[in-house]
Every structure is written in C-alpha cells, then in structure tokens.
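Here is the structure we will look at, set down as structure tokens.
The values are calculated or read from the model by the stated rules, or taken from the named source; none is laboratory data. Computed from a predicted model, the values in this text were never measured in an experiment. Because the Cβ atoms are built from the backbone with ideal geometry, glycine has one as well, and the counts that use them run over all protein chains shown. Keep in mind that these areas ignore ligands, DNA and RNA; they rest on the heavy atoms of the full protein, side chains included. Shrake-Rupley method; radii C 1.70, N 1.55, O 1.52, S 1.80 Å.
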Amino acid sequence: TVRKKDSTMDSVIARWYADQHLFITGATGFMGKVLVEKILRCCPDVGVVYILIRPKKGRDVKQRLGDFLHSPVFDKLRAQSNYTELAKKLVAVAGDVTLPECGLSPDDRRLLADNVSGVFHMAANVRFDQDLRNAALFNCGGSLNVLELACAFKKLKAFVHVSTTYCHCDELELKEKLYPAPHDARHVLELVKWMGQDLLETITPNLLKNSPNTYAYTKCLTEQLVAEYKDKLPLAIARPSIVAACHKEPIPGWVDNLNGPTGIVIGAGKGVIRTMWCNLELQADFVPVDMAINALVVIAWKRGTRPKNDEVDVYNITSSKDYCLSWGLALDLARKHVMQYPFSVMLWYPGGSAKKSYLAHVMAMFFFHLVPAYLVDFALVLTRNKPFLVRTQRRIQNGLKVLQYYALRSWTFHNDKLKEVCQELGDADRETFYTEWNDESFDADKYMLNYVLGVRKYCAHEELDTVPKARRTLRRLYYLDIMKNIILAVLLLWLFFHVATKILHIVDAPFVLLSESHLQPHPATTKNI
C-alpha cells in the first residue's frame with residue numbers, strides 16, 4: 001500500500017487528475033469500462049467521474065450503475081481497502097448522446113457545466129453492418145450533441161474524441177494529422193433524417209466510395225465535425241487501431257465483446273468458422289485495450305497542460321512495428337491455445353485454416369460452412385426442431401467479409417507524436433501508463449494464451465474446471481472429423497470415377513459407331529449379292 005501511495009505521489013499525471021471532474025460517454029462499453037477502472041485505481045484523487053448512462057431493458061440508471069460496477073474488470077479495484085471511497089466518486093447521469101443536449105435534465109446540465117474539466121467522448125455504434133441512417137445518427141449526430149454540450153462547460157481543459165485509425169482507409173499511410181472528409185457531416189445528417197430507407201440504401205454505396213463500411217465512413221465524417229469546434233474547445237483526437245484483450249491490467253486477457261479478432265477466436269474455437277480469406281504475411285495491428293486506455297489518459301493530460309490554442313491534437317494509438325504480429329502468427333498462436341483449452345460447447349472439431357487464395361476460400365466455405373449447415377438444419381427439421389445453422393452461417397459470412405477487408409490490406413500508421421509525449425513522462429508514469437510493448441513485456445505466445453483464456457472465461461462464461469471435459473469432447477470430435485474426411489474422400493473419389501467413366505463413354509461412342517459401320521457390308525453390295 002505504501003508503494004502505491006508513493007508511486008501516485010510521484011506521478012505527474014495522477015497529480016494533474018487530482019480534483020478534476022471528468023465526463024465520459026460510452027463508459028459502459030469495452031474500452032469505457034477499462035478507462036473508468038484505470039482512472040479510479042491509478043488517479044485516486046480525481047474529483048468526480050460522471051458517466052452517461054441511458055435506461056435500458058427496464059433498468060434505470062442506478063440499477064445499470066450497479067451492474068456496471070459488478071463487472072469483473074473492477075475486481076482489482078474492489079480488492080483495495082479504499083474501494084468504497086473511490087466508488088462514491090463515480091456518478092451516473094441519465095442521458096442519451098443521440099438526443100439534443102444528450103437528453104440530460106436541466107439540473108444535470110448545470111452540474112456538468114459548472115464542474116466538468118475533462119471529457120472523454122467514446123460513445124459510438126461500432127457495428128460494421130449497420131445501415132447508414134443508424135450509423136450517422138449515432139456516430140455523427142451523437143458527437144455533435146456532445147460537442148454542443150461541452151461548449152457550455154466553464155472549466156473545460158481537455159476534450160478527447162476517440163476515433164479509429166481505419167477512418168481514412170484510402171490513406172495507406174496515415175499520419176497524425178487531420179484529413180479532409182469526403183462529405184460534410186451536417187449535410188449527411190440532414191440527408192438521413194428526411195430520405196426514405198429504400199432510396200438511402202440505393203445511394204449508400206456512392207456515398208461510401210473508398211470506405212469499406214458505414215462505421216468507417218461516419219467516423220471519418222465525425223473527425224471533420226470535431227475539427228469545426230477547434231476555436232471553442234481544447235480538442236484532441238485519438239485513433240486506436242484494432243483494440244484487443246488486456247495485456248496486463250486490470251486482468252490479463254480480459255475482453256467482454258465479440259468484435260474483431262475475438263469473434264474469430266470463438267467462431268473458430270467452436271468449429272463454426274473453418275476458413276477465412278486472409279494475407280497471412282501482413283501485419284495485424286492489434287493494440288491491447290489497457291495500452292489504448294493508458295494512451296487516452298496521457299493524451300488528455302497533455303492537452304490539459306498545454307497552452308490554449310486553436311489546433312486539434314491528433315494521435316494514432318497503434319502497435320509498434322518492432323512488436324507487431326503477422327496475421328499468420330496471431331492465428332497460429334490462437335489455434336494452438338484453443339486446442340490446449342478448448343471450449344466446452346463445440347459444433348464441430350476446430351480445424352480449418354486461413355486461405356490466401358480466394359478460390360480455395362470459396363471452395364472451403366462451400367464444403368465446410370454451407371453444406372454442413374444445410375445438413376444439420378435438415379436433420380433439425382426432421383426431428384421437429386428449429387433450424388438455425390444456415391442463418392448463423394450467413395451472419396458469419398457477412399462478418400468475415402467485413403474483417404477480411406482489413407486482413408487483405410496493409411496500412412502504415414505513424415505514431416511518432418504519441419511516442420514523443422510518452423518519452424516526456426517520468427519513470428513512475430511510464431510504468432503506470434504504459435502505452436506500448438517493450439523487450440521485457442513482449443511475449444506474443446503468453447499474450448495469446450491469456451487472450452484465449454479471457455475469451456473462454458468472460459465471453460463464453462466457461463471456467464477452467466470445465467477444461468478436462470472439454471478436452472474429452474475435443475478428442476471425440478477429432479475422431480468424428482477423421483471419419484467425416486474419410487467418407488468425404490470416398491464420395492469424392494466415387495464421384496470422380498463416375499464422372500470420368502461417363503466422359504470416357506461419351507468420347508468413345510463415336511469411335512465405336514464408326515468401327516461398327518466399317519464391319520457391316522454396304523447395302524448396295526448386299527442387294528447385288
């Protein structure tokens with residue numbers, strides 16, 4: 001305990017956060033939970049942390065706050081003797097970023113306007129398959145509402161907007177600066193409000209152009225929207241790459257959603273995903289969520305301690321080139337540990353592989369995704385059960401199409417500005433708010449092991465005591481998979497020989513007829529005889 005107090009006293013960043021009142025949107029999301037936990041644990045003298053929560057599923061804000069604090073991500077914080085005191089610093093305010101003034105009551109608006117000194121805007125709809133209307137209203141419209149709300153904050157020192165490095169996918173080399181958006185965000189917002197859904201879906205591909213999906217497109221527009229407030233607010237834009245499970249804190253391997261690579265781990269581990277179109281040699285730019293959150297904390301501190309100006313600080317939060325895994329290595333390590341710690345519930349043996357060839361991927365998807373799905377659903381119908389696997393496979397294919405876009409292309413993300421800021425930190429802050437790997441901490445195999453265990457525990461809700469039974473199930477599925485491969489090989493050989501025989505019969509038929517015609521006597525000759 002003494003060491004923790006000393007390290008806090010030595011931390012310049014923790015001292016800056018002392019007595020600050022922070023407002024966080026998207027706090028109930030994956031990154032938001034880690035941010036709240038990190039600030040309360042490592043900046044214990046913070047004044048108040050206001051988190052915007054909307055009532056959901058019949059539960060009011062107080063109930064959702066209780067659910068929020070019961071998340072496993074707060075286990076380490078709950079173990080501290082001062083947890084009760086720290087928990088009182090967390091204040092939930094009822095609201096919704098998609099509503100004007102974020103749906104706040106007049107009293108809550110006055111409370112925030114008089115006290116908030118730092119804003120972390122993290123709320124976003126991160127689904128890649130959403131339609132343009134929902135994406136624009138949430139990502140662009142929600143950001144606009146938060147920006148307008150923040151203009152009334154009298155003590156504001158830093159406003160950090162969380163974007164993504166993939167918001168400008170047409171820029172193969174992304175620097176830490178603003179880029180022009182293809183369209184005006186306000187015009188697009190007006191467009192989606194009045195245009196009919198059918199017409200909007202028709203013109204969406206023309207609007208997206210080089211953006212792979214509506215998420216990337218609306219995040220691109222939002223950056224331009226944020227920049228319009230540079231003369232009113234102390235702004236910083238943070239662009240994380242693909243955010244993955246925790247590296248060290250608060251729990252190694254912790255993750256609570258199925259987005260991005262986590263969905264692949266579960267889908268492949270349960271035998272549902274058996275092929276993926278991917279360039280295995282390209283780098284997979286994953287950044288652990290604790291490193292991304294540490295970077296956000298550092299960025300807010302840096303923006304808050306800088307003299308006021310009309311510039312927008314832009315930072316790319318990405319993996320260092322020296323410690324970046326390739327897609328091939330990441331998938332191989334994940335497969336290795338999934339075999340060591342299999343899931344208890346598996347549809348089939350977790351085999352398959354990533355394919356660099358599109359033709360090989362399509363063939364594998366037909367034989368190992370679609371055909372088994374139809375067979376299983378047919379068996380379910382015969383047994384008067386509800387079929388589900390074909391529908392599930394279609395959703396999986398749509399998800400793979402989105403992810404494959406990023407696994408087949410290479411970008412260069414510059415993060416020199418963030419590195420320079422981190423180099424200014426003292427030893428205590430570099431240790432507490434680490435933002436990248438180093439020679440001592442980088443262990444790809446260990447990280448992927450924790451990742452798989454975290455997915456198994458926090459996403460699939462399977463404890464370690466289920467592993468022995470899961471391994472027995474995996475062994476049975478292995479032998480069934482071998483039998484399936486033998487049967488499939490026999491069927492393919494039979495089909496090949498059957499087709500080959502037919503072809504040879506068709507090819508030989510003219511020659512047989514010709515030879516028979518030569519052996520028969522000519523009709524005129526027969527008549528003469």
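Residues to consider are 254, 277, 301; find the one that is at pLDDT below 90 and either in contact with a Gly (Cβ under 7 Å, 6 or more places away or on another chain) or open to solvent by 20 Å² or more (accessible area, probe 1.4 Å) (or both).
Just one listed residue meets the conditions, 277.
If you take the residues in segment 11-42 that are free of Cβ contacts under 8 Å to residues at least 60 places away in the same chain and open to solvent by 10 Å² or more (accessible area, probe 1.4 Å), which one is farthest from residue 68 (Cα to Cα)?
Checked segment 11-42; the qualifying residue farthest from residue 68 (Cα to Cα) is 15.
Of the set (1) open to solvent by 30 Å² or more (accessible area, probe 1.4 Å); (2) closer than 28 Å to residue 205 by Cβ; (3) in a loop (DSSP other than H, G, I, E, B), all apply to residue 193 but (3).
If I filter segment 79-98 down to residues being of a type outside the set (A, V, I, L, M, F, W, C) and more than 20 Å from residue 31 (Cβ to Cβ), which single residue comes out as most open to solvent (accessible area, probe 1.4 Å)?
88
Checked against (1) modelled with pLDDT under 90; (2) closer than 17 Å to residue 163 by Cβ, residue 315 passes all but condition (1). Scan segment 217-251 for residues that are open to solvent by less than 30 Å² (accessible area, probe 1.4 Å) and either assigned to a helix (DSSP H, G or I) or of a type in the set (S, T, N, Q) (or both) and the total you get is 11. Restricting attention to segment 432-447, the residues being surrounded by fewer than 20 Cβ atoms within 10 Å (Cβ to Cβ), more than 22 Å from the chain's Cα centre (by Cα) and among the aromatic types (Phe, Trp, Tyr) number 0. In segment 355-372, the residues that are closer than 19 Å to residue 395 by Cα and open to solvent by 70 Å² or more (accessible area, probe 1.4 Å) form Cβ pairs under 9 Å with partners that are in a helix (DSSP H, G or I) and modelled with pLDDT under 85, at six or more places apart or across chains, as follows: 367/488.
Checked against (1) in contact (Cβ under 8 Å) with a residue 60 or more places away in the chain; (2) touching a Ser or Thr at 6+ places or on another chain (Cβ under 7 Å); (3) more than 26 Å from residue 391 (Cβ to Cβ), residue 281 passes all but a single condition, namely (1). Tell me which residues, restricted to segment 264-274, are buried (at least 20 other Cβ atoms within 10 Å of the Cβ) and assigned to a helix (DSSP H, G or I). Within segment 264-274, 264, 265, 267, 268, 269 qualify. Checked against (1) over 21 Å from residue 317 (Cα atoms); (2) open to solvent by 50 Å² or more (accessible area, probe 1.4 Å); (3) in contact (Cβ under 8 Å) with a residue 24 or more places away in the chain; (4) under 18 Å from the mean Cα position of the chain (by Cα), residue 469 passes all but condition (4). Evaluated against (1) open to solvent by 80 Å² or more (accessible area, probe 1.4 Å); (2) out of contact with any Asp or Glu (no Cβ under 6 Å at 6 or more places or on another chain), residue 210 falls short on exactly one condition, (2). Could you tell me whether any residue of segment 176-188 is in a helix (DSSP H, G or I), of a type outside the set (Gly, Ala, Ser), crowded, with 18+ Cβ neighbours inside 10 Å and at pLDDT 90 or above? Checked segment 176-188: at least one residue is in a helix (DSSP H, G or I), of a type outside the set (Gly, Ala, Ser), crowded, with 18+ Cβ neighbours inside 10 Å and at pLDDT 90 or above. Please go through (1) surrounded by 14 or more Cβ atoms within 10 Å (Cβ to Cβ); (2) on the phi > 0 side of the Ramachandran plot for residue 384 and return the number of the only condition it doesn't satisfy. Every listed condition holds for residue 384 apart from (1).
For residue 472, are the conditions met, namely being farther than 23 Å from residue 248 by Cβ and either in a strand (DSSP E or B) or at pLDDT 90 or above (or both)? Yes, satisfied.
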